[in-house]
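Before any comments, here is the structure.
Every number here is computed from the coordinates shown, using simple stated rules; none is lab data. Keep in mind it's a predicted model, so treat the numbers as computed, not measured. All Cβ positions, even for glycine, are placed from backbone atoms using ideal geometry, and neighbour counts span all protein chains on display.
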Amino acid sequence: MQSLDFSAYRNIVVLTGAGVSAASGIQPFRGQGGLWKDINPFVVADVSVLETNPLSIWQLFGKLRTQLETAQPNAAHLTLAKLEAQLSASQKFTLITQNIDGLHQRAGSLNVIELHGNVNYTRCSNHTCSLTSYLDKYSHQELLPICQLCNSPLRLDIVLFGEQIPVKQEWLVKQSLRDCDLFIAIGTSGTVWPAANFVRSAHYVGARTIFINLEPMKPQNPYFQEEYLGLAEELLPLLFNYEY
Ligand code: OAD
């Protein structure tokens, strides 16, 4: 397998999904062993559940906090962090992730856009409350946590189905895609919007577009020019020419 020559690109954008964290023991959503295999995310992870059964959202995602106490970034995370560190000052690198586990930052990645939030953070469910999002080690599996400022339920600082991507993240993504010349999507089923559509913008501005995943995208996305199938933690070090 020929490794990629990153020196030829000025604005590299990488999009990652749950497959990148699979080797760290974090369960993906789709594909083999996916969280959504036996449950419907549009029912259990919809924003409306914050009204009807907010504790169930903590029970669904909050346990990830416990897993993350021992989970470690794997070779895929580390390779992406190393790539960013080794680029020249004139090259821009943006890592857009749909993952909520914070493992990219723990691996050393700096310019990370968390599209779906971060499960390690808690915020108030009341939009008018002044409580700022904070790092919270508790997984709140038994008792619904309540905001001390306004008495509303606290919630995970993640994006649920039916919710908008935070405007800052959306803006940063658009900015990075506008003049991107290399776009690589890794470990994502490509089924969730808006991320599923980013490759289209990248292709529109003339970027080289690459898809790296365990299995082919279904249905195939015509905006990807190249596809590498395999485990991200194995393929990335080979393609990026790094050894661990
Ligand atoms: P998915 O779980 O939908 O897709 C993960 C993809 O990674 C699948 O195609 C797997 O085959 C592949 N995969 C699994 N292990 C892999 C490995 N070791 N190396 C490479 N690929 C591997 O995850 P996302 O596309 O990230 O949203 O899902 C998008 C969003 O759907 C998530 O952010 C989440 C979910 O519902 C919210 O919670 C809002």
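With the helix formula -39500 (n - 2.57) applied to DSSP H stretches of n ≥ 4, the chain reaches a computed 222 nm mean residue ellipticity of -6500 deg cm²/dmol.
Taking Rh as the Kirkwood radius computed over C-alpha pairs, what is the Stokes-Einstein D of the range 1-133 at 4 °C in a medium of viscosity 1.567 mPa s, expressed in µm² per second?
The calculation lands on 77 µm²/s.
Ranked by the mean number of other Cβ atoms within 10 Å of their residues, highest first, the peptides 225-236, 126-137 fall in the order 225-236, 126-137.
Please report how far the C-alpha centroid of the range 193-210 lies from that of the range 36-72, rounded to the nearest whole angstrom. Here the two parts' Cα centres lie 29 Å apart. Each semi-axis of the equivalent ellipsoid for the chain is √(5λ) with λ an eigenvalue of the Cα gyration tensor; in descending order they amount to 32, 19, 18 Å. Our summary of shape: the Cα atoms of the range 104-170 have principal axis extents of 35, 25, 22 Å, ordered from largest down, in whole angstrom.
Taking other C-beta atoms within 10 angstrom as a stand-in for reagent exposure, 1, 217 fall in the order 1, 217, fewest first. The trypsin sites (Lys or Arg not before Pro) of the range 83-131 include none that DSSP puts in a loop with a beta carbon having at most 15 other beta carbons within 10 Å.
In percent, how large is the relative contact order of the range 1-85, given Cα pairs closer than 8 Å and 6 or more residues apart? Answer for the range 1-85 is 26 percent. Taking the Kirkwood radius as Rh and the Cα radius of gyration as Rg, the range 154-232 has a ratio of Rg/Rh equal to 1.00.
Residues 158, 146, arranged from fewest to most other Cβ atoms within 10 angstrom of their Cβ, appear as 146, 158. Residues 82, 63, ranked from the fewest to the most other C-beta atoms within 10 Å, line up as 63, 82. May I ask which residue of 214, 201, 229 lies farthest towards the positive end of the charge dipole of the range 138-244, with charges of +1 (Lys, Arg) and -1 (Asp, Glu) on Cβ and the Cα centre as origin? Positive-most Cα among the choices belongs to 201.
Over 22 Å apart at the Cα level, from the set 63/168; 37/63; 37/174; 37/218, are 63/168; 37/174. Checking every one of the GluC sites (Glu not before Pro) in the range 27-117 against DSSP loop status and a limit of 16 other Cβ atoms within 10 Å picks out 69.
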